[in-house]
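To keep things clear, I will list the structure first and then write my remarks on it.
The values are calculated or read from the model by the stated rules, or taken from the named source; none is laboratory data. Being a predicted model, the structure only gives us computed values, none of them experimental. Please note: Cβ atoms are built from the backbone with ideal geometry, for glycine as well, and neighbour counts cover all protein chains shown. Protein only, heavy atoms only, side chains kept; ligands, DNA and RNA dropped before computing areas. Shrake-Rupley method; radii C 1.70, N 1.55, O 1.52, S 1.80 Å.
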Amino acid sequence: MTTWAILGTGSIARKFASDLRLLKDARRLVVASREQAKAEAFAKEFGFERNYGSYEALLNDAEVEVVYIASPHSFHKEHSIMCLESGKHVLCEKPFAINAQEVSEMIAVARREKRFLMEALWSYFLPAITFSDELIKQGEIGNLQMIQADFGFRMSKVLPAHRLFDLKLGGGSLLDVGIYPVSLAMHYLGQPLEIKALAHLGQTGADEQSSIIMRFAKNALAMMYSAIRTDSHQEAVIYGTKGNIRLKSPWWATKELTLNNAKGEKHYKLDFEGFGYHFEASHVMQCLQKGLLESPKVGLDHSQRLAATLDAIRQQIGLSYPQDGVA
């Protein structure tokens, strides 16, 4: 039995908490919020044993083993480090932090404290993605050549104080949803050798839509775009020398894919309960049971490289945050 706490009570925390109920060996112990009423309501709805109106109370609870950080990403470094230094293991929502420097600091603390730390790239653990991994390993589409992926949605209007538009909160499409196609490309193709990116920066300075092309080893390419003011198809296609895999919309949470190769077209439906966050939670628990300090699937070096890639994209599109350049 693994004892969980959730830091934060927003929409992502609600989905994660809902999915924890699907895991019999996950003890839902603590939820913490800056507002006691929110913590109480959350605990009652999702069956948590304790609720705290401060994050400090969570840190002082000796029974907590692992904390899921569900605060806005501008607070990920601060909240992850304080949990790690309190002896807790951490699953931190993506993006890991605002920039690669912050990620480096988080990793250093985790290694110093000998605590488990993982970025919650939950799509990596979905059945459609893990099945695609197997199809690729089996050579069903040959050598990988290209990936196309997008994640865009339209906010009806610009709200300057909203986290999606506020630069102090890491606003913009890239860190919020662009990380999905970028991390998909890196999952399959590795570290990009070259990056070209363009974006529209809106009235707050946040990227309202971005387009990215990356070149990888063996001349593989990835073409991606993200948006918070433009609806997109939200599909992904993985192309190889012998065929392709099409992840149906919304690809980042899909339950369907189509394999096309010389054998013809084959459609797969890979259903699952809940939202899909329990797959990554189960992985974290398995890692802890084995005494691992990082995930073999979402390693800390991978998250460091992902953060550096996002930094490089931001540099090209002229998107900077107050946290950049701060030691």
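If you check F131 against the conditions, is it under 14 Å from the mean Cα position of the chain (by Cα) and in contact (Cβ under 8 Å) with a residue 40 or more places away in the chain? Considered against the rule, which asks whether it is under 14 Å from the mean Cα position of the chain (by Cα) and in contact (Cβ under 8 Å) with a residue 40 or more places away in the chain, F131 comes out as no.
Taking the listed residues E63, E78, the one that is surrounded by fewer than 21 Cβ atoms within 10 Å (Cβ to Cβ), acidic (D, E), part of a helix (DSSP H, G or I) and more than 17 Å from the chain's Cα centre (by Cα) is E78, with no other qualifying. Might you let me know whether region 190-202 holds any residue that is of a type in the set (A, V, I, L, M, F, W, C), part of a strand (DSSP E or B) and open to solvent by less than 30 Å² (accessible area, probe 1.4 Å)? Yes, region 190-202 has at least one match. Checked against (1) within 30 Å of A110 (Cβ to Cβ); (2) touching a strand residue (DSSP E or B) at 6+ places or on another chain (Cβ under 7 Å); (3) without any contact (Cβ under 8 Å) to a residue 40 or more places away in the chain, D301 meets all criteria but (2). Counting only residues that are over 20 Å from V66 (Cβ atoms) and touching a Gly at 6+ places or on another chain (Cβ under 9 Å), region 100-113 holds 1 of them. Scanning region 1-28 for residues that are within 18 Å of S54 (Cα to Cα), assigned to a strand (DSSP E or B) and open to solvent by less than 30 Å² (accessible area, probe 1.4 Å) gives W4, A5, I6, L7. Q234 meets all of the listed conditions (1) over 20 Å from L221 (Cα atoms); (2) not in a strand (DSSP E or B) but one, namely (1).
Taking each residue of region 94-110 that is at positive phi and of a type in the set (A, V, I, L, M, F, W, C) and looking for partners that are assigned to a helix (DSSP H, G or I) and crowded, with 24+ Cβ neighbours inside 10 Å with beta-carbon atoms closer than 9 Å, six or more apart or interchain, yields nothing. Just so you know, in region 221-271 the residues that are among the aromatic types (F, W, Y) and within 18 Å of the chain's Cα centre (by Cα) include one that is most open to solvent (accessible area, probe 1.4 Å), and it is Y225. Within region 124-134, identify whether any single residue is modelled with pLDDT of 95 or more, under 17 Å from L91 (Cα atoms), touching a Ser or Thr at 6+ places or on another chain (Cβ under 9 Å) and among the hydrophobic types (A, V, I, L, M, F, W, C), and answer yes or no. Within region 124-134, one or more residues are modelled with pLDDT of 95 or more, under 17 Å from L91 (Cα atoms), touching a Ser or Thr at 6+ places or on another chain (Cβ under 9 Å) and among the hydrophobic types (A, V, I, L, M, F, W, C). Is there a residue being under 19 Å from the mean Cα position of the chain (by Cα), surrounded by fewer than 20 Cβ atoms within 10 Å (Cβ to Cβ), under 22 Å from V90 (Cα atoms) and not polar (S, T, N, Q) anywhere in region 302-313? Scanning region 302-313, I find at least one residue that is under 19 Å from the mean Cα position of the chain (by Cα), surrounded by fewer than 20 Cβ atoms within 10 Å (Cβ to Cβ), under 22 Å from V90 (Cα atoms) and not polar (S, T, N, Q), so the answer is yes. List pairs: first residue in region 38-51 and more than 13 Å from R14 (Cβ to Cβ) and open to solvent by 40 Å² or more (accessible area, probe 1.4 Å), second residue among the β-branched types (V, I, T) and not in a helix (DSSP H, G or I) anywhere in the structure, Cβ distance under 6 angstrom, at least six positions apart or on different chains. Here the result reads R50/V30; N51/V31, each pair linking region 38-51 to a residue that is among the β-branched types (V, I, T) and not in a helix (DSSP H, G or I).
Against the numbered list (1) out of contact with any Gly (no Cβ under 7 Å at 6 or more places or on another chain); (2) of a type outside the set (A, V, I, L, M); (3) touching a residue at least 60 places away in the same chain (Cβ under 8 Å), S156 comes up short only at (3).
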